[in-house]
Structure formats: structure tokens, C-alpha cells
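Enquirer: Structure in C-alpha cells, see below.
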Amino acid sequence: MSGCESAVALLRRTGTDDYILGLSRVAAYAVCLLLVSLAVFVPAAAGMPSESEESCDAPVSARETAHERLSSMRGVDDDALVSVPEETVDAAARQVSDGDTSYDLGEYCSARDAYRAAVEQATPALREAYRTGAARSLDASRRMVEAERADGNPAPETGALAVKIDQQSRELANASSLAALETRYERATALQRETRQRLPTRPAGLVAEALTERPVVTAVAATSTLLAAVLARLLWAARTDSSTTTHLTR
């Protein structure tokens with residue numbers, strides 16, 4: 001403020017009248033306040049990120065979710081009754097890998113975006129896989145119960161298992177969220193194991209279950225049946241030719 005007072009004193013010494021002196025004093029103080037404001041706020045503003053520069057915290061939660069969804073997709077894909085598109089798994093895996101790289105480099109905004117993309121790719125695929133897997137497990141359990149009832153002397157557990165199957169089927173029809181569908185899938189697969197364990201072993205029923213549940217087994221069985229039929233036909237033809245030849249030589 002000593003510079004401001006010096007300017008005012010100088011104006012007095014030059015004989016300026018009181019009105020001009022008052023205006024000059026106000027102007028001098030205003031200039032001083034402006035200089036002080038610039039000195040305080042300009043450096044602070046320079047250190048703040050601009051609107052175009054986004055600042056992100058470490059996306060810890062997004063990272064955990066992305067890894068969990070990718071692991072879940074790979075896990076459910078191992079189920080013989082479920083198939084997750086390979087391109088979906090690969091795309092999510094690439095996004096998670098890109099996110100991990102950005103995370104390690106401290107580029108948290110890029111990491112967050114990559115993890116979000118992985119979750120967006122994995123969630124619909126997981127929802128569909130859980131629903132399909134649960135429905136197929138319940139169908140397999142239902143076929144075992146029906147085969148047991150058709151035997152004429154069903155096991156006492158048959159009725160209770162049928163009730164569980166119907167209840168879980170209704171719950172599956174009403175499930176929509178990923179968490180609910182995952183729960184229905186886990187319960188359906190557990191019920192299928194329980195049904196197989198508690199009902200008496202029916203060889204014909206187990207063969208039918210294997211053929212309907214596993215397409216690879218079905219293809220192998222069909223091919224084996226066809227080859228057996230062809231072989232039987234060739235043996236029959238060879239035996240017929242042999243009999244005819246023997247008859248003629250006599």
C-alpha cells in the first residue's frame with residue numbers, strides 16, 4: 001500500500017483540487033486491489049484442471065466388477081449345457097487387459113472406460129447364459145422325473161423333486177436381473193445333481209438324458225448307429241452271397 005500512498009501524496013503536491021484528488025485516491029486503491037487479486041487467484045486458477053481435462057480417481061470398483069464378469073463368463077462357458085460366444089469373451093478380455101494396463105500407468109480415466117466397456121459386453125452374455133443354463137438343467141431334471149414316473153413304481157422322492165422343478169421354473173420365468181438369473185442358474189444345476197443322485201439309476205433314461213443334454217454325444221451316437229447299420233447290411237449281404245454261391249456249387 002506504500003506505493004498507493006505515494007501516488008496520492010504526489011497528487012497533493014501538484015496542487016490538484018480535492019475532487020480530482022478523491023477520484024485519484026479511489027483509482028489508486030482500485031489498481032492496488034486488482035494487482036493483489038491477480039497475484040492471489042491467477043496462480044491458483046492455473047493449477048486447476050480445465051473443463052476439457054477430466055480428473056479420475058483409481059477405478060477400483062470398476063476393475064473388480066470387470067474381472068468378476070470376465071471370470072463368470074469363462075466359468076459358465078465350461079458348463080456342457082451353456083455356450084457363451086467366443087467373440088464376446090475375447091472382446092471383454094481385451095477390454096479388461098487394456099484397463100489393467102492403463103490402471104498400472106496411472107491413466108485412470110482410460111482404465112475406467114475400458115472396464116466399463118468390458119462390463120457392458122459381458123453382462124448381456126452372462127444374463128442369457130444363466131437363463132439358458134438354468135432352463136436346460138430344469139428340463140433335464142424334469143425328464144428324469146418323467147422317466148421315473150413311467151416306470152410304474154416310482155421312488156418316493158419323485159413327487160418332491162417334481163414340485164421343486166415346477167417352483168424353480170416359475171422363479172426363472174420371473175427373473176430378470178443378472179444377480180437373480182445367476183442364483184436361478186446355480187439352484188437349477190444343484191437340483192439336477194440332486195435329481196440324478198436321489199432317483200434310481202435307469203440306464204435307458206440316463207442314455208436319453210445324455211443324448212439330449214450333450215450335442216457332441218448325440219452326434220457320436222448317431223454316427224455309431226449309422227456305421228453299425230451299414231456294417232450289419234454288409235455282413236448280411238456277404239452271408240447271402242456266400243449261401244447262394246454254396247447252393248450253386250452243389
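The values are calculated or read from the model by the stated rules, or taken from the named source; none is laboratory data. Predicted, not measured: the structure shown is a model, and the values here were computed from it. With ideal geometry, Cβ positions are generated from the backbone for all residues, glycine too; neighbour counts draw on all protein chains shown. What goes into the accessible areas is simple: the full protein's heavy atoms, side chains included, and nothing from ligands, DNA or RNA. Shrake-Rupley method; radii C 1.70, N 1.55, O 1.52, S 1.80 Å.
Enquirer: Count charges around Ala180 for me, please; just the other residues with Cβ under 15 Å from its Cβ, Lys/Arg as +1, Asp/Glu as -1.
Expert: Numbers: positive: Arg127, Arg131, Arg170, Arg184, Arg187; negative: Glu128, Glu171, Glu182, Glu186.
So the surrounding residues net to +1.
Enquirer: Turning to a different aspect of this structure: At a 1.4 Å probe radius, which order do Glu148, Glu68 fall into by accessible area, largest first? Write out the running numbers ahead of the final one.
Expert: Values: Glu148 0, Glu68 115 Å².
The ranking, largest first, comes out as Glu68, Glu148.
Enquirer: Taking the solvent-accessible surface of protein heavy atoms with a 1.4 Å probe, what is the per residue accessible area of segment 65-206 in Å²? Intermediate values should be presented prior to the final figure.
Expert: Values: 7510 Å² over 142 residues.
It amounts to 53 Å² per residue over segment 65-206.
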